[in-house]
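Undergrad: Provided herewith is a single structure, encoded as structure tokens, for subsequent inquiry.
The values are calculated or read from the model by the stated rules, or taken from the named source; none is laboratory data. Predicted model only: the values in this text are computed from it and were never measured. So basically every Cβ, Gly included, is an ideal-geometry build from the backbone, and we count neighbours across all protein chains shown. Note: accessible area is taken over every heavy atom of the protein model, side chains too, but ligands, DNA and RNA are not part of it. Shrake-Rupley method; radii C 1.70, N 1.55, O 1.52, S 1.80 Å.
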Amino acid sequence: MLRLALILTVLLTLVATELSAAKPNIIVIMADDLGFGDVSCYGATALSTPHIDRLATEGLRFTSGYCSASTCTPTRYSFLTGTYAFRGERTGIAPPNAPAIIKPGTETVASILKRAGYTTAVIGKWHLGLGNANGPDWNGQLKPGPLEIGFDTCFLLPTTNDRVPQVYVKDHRVLNLDPADPLWVGSKKPNADHPTGLTHRESLKMDWSHGHNSTIHNGISRIGYYTGGHASRFRDEDLADKWVEKSVEFIEQNQDHPFFLFFASHDIHVPRMPHERFQGKTRLGFRGDSIIQLDWCVGELMKTLDRLQLSENTLVVFCSDNGPVLDDGYKDGAIEKIGTHRAAGPYSGGKYSVYEGGTRTPFITRWKGHIKPGVSDQMVSTIDLPASLAALADQKISSESCRDSFNILEALLGKADSPGRTELVQQNNGNNGTYALRAGDWKLHRYDKKTARNVVVEQQLENTIVPQFQLFHLEDDPAEQTDVAAEYPEVTERLKQRLNQIITS
Ligand code: NG6
Ligand code: CA
């Protein structure tokens, strides 16, 4: 009898191990506005990111890892839905009162993994809208939202840290909202006396440089207006700690069965206001200090996995939602203190641009014991995570869903000779006629409005007049400095047609 029990236990353990190897936990850590050159494992020397570097040494560091857009909302939209954001409506940078952009019932990476038995959570920045067509009901039920597209739970910064309101959302509600102090959010000044970054500029602890001059909270003026909800308001300095606290809680609670955590850090988006213990840690100002804070968060997550003995049972993906920007609306010294640091590494452009700097970003996968540590030059993108993670979790996706997401799981896991993508469309913001197509080493830019933004990331944001189409050869010219469209008319034509085919299909 005892023997039978022993055999059964061994068998059950074997099955459990097999199951967990087949369905590892998954954590996607998405940084905000982090550039290719911003972390030390990608070449930064002005600061050191030991925890992100450790992920890279223990995992696979991609040299051609991309997000699909050079702004937040479209990248997050396509990461979740596996569909290029230019196919969807209102997928550009979402305003404070944006309704839910991804409709309930849409297949997402979360709904796929939930179906596979995972417990799913998003913790951190959302910026994909909340509520029905009328926008978020800040004092009531905030739905639809993440819970209607596959997440079991969420703990959110609902928009961005520079957009109102500065409150947390837990599942369907603003956290700790006092009904006696309702939250109002709008795009117009609520009354003549309402203090703003324009009327009370001298009171600010961080001055604005463009935009960002509406309602003041925590000494920082923001995009948009709000009143009320005082008991719910957070301090910018505490955001990273909160994401880590909630994530550790979630991992602990779900350590015994597969979980999916989308850790959506607000770092290093403006206003960069890291916790006091990180302030002044780098010579790059608060932009650098926020990178150190982000690195600390990565370290805390890894520490938790180690403590719970989950590191060999958890696939970690580290990526960014778009490339870097220095002055994105606040005077935080990012430009003045940049020195020789190159936020986009060897690439041109950054946030808002379809130069490589806009979307080619740090991209690391780690799954101890399953991914052989190294460096991969395969082209991979955040948009491929739905199809690839579906394959990992043994789930089928209907042909109408996740249509731009490719199963490149083997490339993500570094299996020998497993190819990544052969081509990728890059876009800047929403569906505004600015695209690029990388196909192998060729790169076509398309500017229907004939202007390109933020070509040199170390300068103030600006628009540059450009021809509608440009062609670059990335191997010879990674910084996309020499337009060779006239020299290679056939390649230009072929890529133009291919890009058009993808966009209009
Ligand atoms: C822009 C903001 C910028 C940032 C961006 C969204 C101004 C002048 N600029 O409109 O500061 O908030 O939107 O960034 O308001 S993202 O990373 O979330 O896409
Ligand atoms: Ca961003």
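Undergrad: Could you count how many residues in the range 256-271 are within 15 Å of ligand 2 (Cβ to nearest atom), assigned to a loop (DSSP other than H, G, I, E, B) and not aliphatic (A, V, I, L, M)?
TA: Going through the range 256-271 one residue at a time, the tally reaches 5.
Undergrad: Related question: What's the number of the only condition in (1) under 18 Å from residue 453 (Cβ atoms); (2) more than 15 Å from the chain's Cα centre (by Cα) that residue 359 fails to meet?
TA: Residue 359 satisfies all of (1) under 18 Å from residue 453 (Cβ atoms); (2) more than 15 Å from the chain's Cα centre (by Cα) except (2).
Undergrad: Could you list all residues from the range 84-131 that are within 22 Å of residue 390 (Cα to Cα) and of a type in the set (Ser, Thr, Tyr)?
TA: 84, 106, 108, 111, 118, 119, 120
Undergrad: Here's a follow-up. Any residue in the range 310-328 that is of a type in the set (A, V, I, L, M), more than 12 Å from ligand 1 (Cβ to nearest atom), open to solvent by 20 Å² or more (accessible area, probe 1.4 Å) and more than 16 Å from the chain's Cα centre (by Cα)?
TA: no
Undergrad: Sticking with this structure for a sec: In the range 182-215, which residues are among the acidic types (Asp, Glu) and either surrounded by 14 or more Cβ atoms within 10 Å (Cβ to Cβ) or touching a Phe, Trp or Tyr at 6+ places or on another chain (Cβ under 8 Å) (or both)?
TA: Across the range 182-215, the qualifying residue is only 207.
Undergrad: Now a separate question. Quick check: is even one residue across the range 60-78 basic (Lys, Arg), within 15 Å of ligand 1 (Cβ to nearest atom) and outside any loop (DSSP other than H, G, I, E, B)?
TA: Taking every residue of the range 60-78 in turn, at least one turns out to be basic (Lys, Arg), within 15 Å of ligand 1 (Cβ to nearest atom) and outside any loop (DSSP other than H, G, I, E, B).
Undergrad: Between residues in the range 191-214 that are part of a strand (DSSP E or B) and residues that are among the β-branched types (Val, Ile, Thr), which pairs lie under 7 Å by C-beta distance while being six or more apart or on different chains?
TA: 196/215; 196/216; 206/220
Undergrad: What tally of residues in the range 354-375 results from selecting those that are in contact with a strand residue (DSSP E or B) (Cβ under 9 Å, 6 or more places away or on another chain), of a type outside the set (Val, Ile, Thr) and closer than 13 Å to residue 66 by Cα?
TA: 6
Undergrad: Within the bounds of the range 230-246, is there any residue that is within 16 Å of ligand 1 (Cβ to nearest atom), polar (S, T, N, Q) and either surrounded by 20 or more Cβ atoms within 10 Å (Cβ to Cβ) or farther than 13 Å from residue 165 by Cβ (or both)?
TA: No: the range 230-246 contains no residue that is within 16 Å of ligand 1 (Cβ to nearest atom), polar (S, T, N, Q) and either surrounded by 20 or more Cβ atoms within 10 Å (Cβ to Cβ) or farther than 13 Å from residue 165 by Cβ (or both).
Undergrad: Would you please name the residue that is least open to solvent (accessible area, probe 1.4 Å), looking only at residues in the range 154-181 that are among the basic types (Lys, Arg) and away from ligand 2 (no atom under 16 Å from the Cβ)?
TA: 170
Undergrad: Same structure, new question: Mind listing whichever residues of the range 114-128 are surrounded by 19 or more Cβ atoms within 10 Å (Cβ to Cβ) and not in a strand (DSSP E or B)?
TA: Passing the criteria: 114, 118, 126, 127, 128.
Undergrad: Would the range 456-471 turn up any residue that is touching a residue at least 60 places away in the same chain (Cβ under 8 Å), open to solvent by 10 Å² or more (accessible area, probe 1.4 Å) and of a type in the set (D, E, K, R)?
TA: yes
Undergrad: Now, a different point. Evaluate the following for residue 348: is it of a type in the set (Ser, Thr, Tyr), closer than 22 Å to residue 440 by Cβ, open to solvent by less than 20 Å² (accessible area, probe 1.4 Å) and within 16 Å of ligand 2 (Cβ to nearest atom)?
TA: It is false that residue 348 is of a type in the set (Ser, Thr, Tyr), closer than 22 Å to residue 440 by Cβ, open to solvent by less than 20 Å² (accessible area, probe 1.4 Å) and within 16 Å of ligand 2 (Cβ to nearest atom).
Undergrad: In the range 46-97, what residues are at pLDDT below 95, open to solvent by less than 30 Å² (accessible area, probe 1.4 Å) and away from ligand 2 (no atom under 16 Å from the Cβ)?
TA: 88
Undergrad: Filter the range 401-448 for residues that are of a type in the set (Lys, Arg) and open to solvent by 10 Å² or more (accessible area, probe 1.4 Å); which is nearest to residue 312 (Cα to Cα)?
TA: Here the residue is 415.
Undergrad: Further question on the same structure: Those residues that are touching a residue at least 40 places away in the same chain (Cβ under 8 Å), in contact with a strand residue (DSSP E or B) (Cβ under 8 Å, 6 or more places away or on another chain) and under 20 Å from residue 351 (Cβ atoms), I need them from the range 396-439; list them, please.
TA: Matches in the range 396-439: 424, 425, 426, 427, 428, 429, 434, 435, 436, 437, 438.
Undergrad: Scanning for something touching a helix residue (DSSP H, G or I) at 6+ places or on another chain (Cβ under 8 Å), within 16 Å of ligand 2 (Cβ to nearest atom) and in contact (Cβ under 8 Å) with a residue 60 or more places away in the chain, does the range 105-121 turn up at least one residue?
TA: no
Undergrad: For residues that are closer than 25 Å to residue 330 by Cβ and outside any loop (DSSP other than H, G, I, E, B), tally how many sit in the range 435-468.
TA: Result for the range 435-468: 5.
Undergrad: Pairs, please: C-beta under 7 Å, at least 6 apart or cross-chain, first residue touching a residue at least 24 places away in the same chain (Cβ under 8 Å) and in the range 267-283, second open to solvent by 60 Å² or more (accessible area, probe 1.4 Å)?
TA: Hits for this filter: 283/337.
Undergrad: Scanning for something in contact with a helix residue (DSSP H, G or I) (Cβ under 9 Å, 6 or more places away or on another chain) and farther than 22 Å from residue 41 by Cβ, does the range 279-290 turn up at least one residue?
TA: yes
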